[in-house]
Amino acid sequence: MHQDAIVASMPWYRTLNREQWRVLAASNLAWLFDGFEIYALFLTVGFALHQLLVPAEYAALPRYAGYVLATTVFGWATGGVIGGIIADYIGRKRTMMLAILAYSLTTGLSAIAWNWQSFAILRFLVGVGIGSEWATGASIVSELWPDHARGKGGGLLQSGAGIGSFLASGVWLLIGGLGPNSWRFMYLVGILPALLVLWIWRGMPESARWEDANERRRETRAQQRSGVALAGEAAALTRFTVTDMFLDRTVRPRLIAAFLMMLSVTFGFWGVATFVPTYVGTVAARAGLSAPYYSALAGLLGTGVAIFGFITLGFLADGIGRKPTAMLYYLMCLILTPVVYLWAKGMAPLLAAVTVFGFFTGGIWAWAPIWLPELFPTRMRGTAVAFCFNAPRWISCIGPLIAGTLIVALGGYGPAATIVGLFFILGVIVAPFLPETRGRPLPHTV
């Protein structure tokens, strides 16, 4: 029997070797801790600012929360783009290790914030570390996993964020009632990911595709120094990766379309989904219920189903294609935003809506580690993937600012979130312009 036929007759998980599972596990764990750090901020920002602001500023707390979230997103964008570039030059593995150490340290330091400004600055630094890590994991999983299962690998990788967010909600449910300093305890827990670096250093392989591209880059640069005239890919290998991805005419249209798709989801998510725990807490408080408990419960429900949203997207991407799957998720995010913030009345319907909302607004991120690496060649993959995934945050960081300002100006979360949530429609419009890559080989030399 032909080798391809043998592979096709086996369950997909039996076609993977130990090295492929190991790199997925390392990348998933790294993103799990990222998810914990991110969602810890969502859960605690209101409570942290309640301690860090003076009582006269409490009425404007959503605006200050917007400031903190915006600086975090801006840091994520900055660190993410830089991390992707570094990953193309020093390797996926080493970049991931440096990023994990960076966000572990800065998360721990967030626990000692003394006013809202210091809190915002420290969260910016956390964002830098978190952003640097993701592109390395997405690149190395895509480069090691086979064509027929790459969508599932990307979905499983991204599910780490959902698992981390779920764990953060569980931890907050346990310690959120321990007093006004509970939020500080959450950030001290964030130091633990540093231990993961030891395991990655010992057990995670480097990408053979990156090693090949890096060796070819060294060879072409040596030829350039000796006076050899270079053309085509050889000339591209000598260019700075940021310059390369904008100059390559085959890459540029994909780069722009993917950037717009990520802008849609980042703007919508950071301006809408990030306020869900705080919104549920305010609804609970108006009903005479415990705000910390119900905000944590909303987080548990939304992040719990998001894990399945990530994995489901990966299976759908391998089953029906990248394009229709992404469009479905974007459309559901657009529809469900007013359901959560305007139409769900009462705590039980609201929690049910938040659960379905979490499946799609969380799961939608999984298209990025699946589809983005398949659009760019190895020599620039880290840079291009990081640019598309992170650079939109330089723009979308105003999402929380706009949402926070609208919440105060319009007197409630509902109208503000619905207005910002309209941005999800951009993803539905742009996705058809990207090529369908399901089952195709990962681009390497072109």
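Structure summary
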| item | result |
| --- | --- |
| Any pair with Cβ under 6 angstrom, 6 or more apart, that starts in segment 184-207 at a residue that is buried (at least 17 other Cβ atoms within 10 Å of the Cβ) and ends at one that is among the polar types (S, T, N, Q) | MET186/THR44; TYR187/THR107; TYR187/SER110; GLY190/THR107; PRO193/SER104; ALA194/SER104 |
| Entirely in segment 333-437, the helices (runs of 4 or more DSSP H) that have 1 or more residues that are crowded, with 24+ Cβ neighbours inside 10 Å and at pLDDT 90 or above | 347-363, 367-371, 381-390, 425-430 |
| Selection from segment 208-246 of residues that are touching a His at 6+ places or on another chain (Cβ under 7 Å) and surrounded by fewer than 17 Cβ atoms within 10 Å (Cβ to Cβ) | none |
| Residues being surrounded by fewer than 23 Cβ atoms within 10 Å (Cβ to Cβ) and either without any contact (Cβ under 8 Å) to a residue 60 or more places away in the chain or in contact with a Leu (Cβ under 6 Å, 6 or more places away or on another chain) (or both) - total across segment 321-332 | 3 |
| Verdict on TRP199 being over 30 Å from LEU301 (Cβ atoms) and modelled with pLDDT under 85 | yes |
| Flag if LEU237 is in a helix (DSSP H, G or I) and within 26 Å of the chain's Cα centre (by Cα) | no |
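The values are calculated or read from the model by the stated rules, or taken from the named source; none is laboratory data. Given the structure is predicted, the values throughout are model-derived calculations rather than measurements. Glycine gets a Cβ as well: all are built from the backbone with ideal geometry, and neighbour counts include every protein chain shown.
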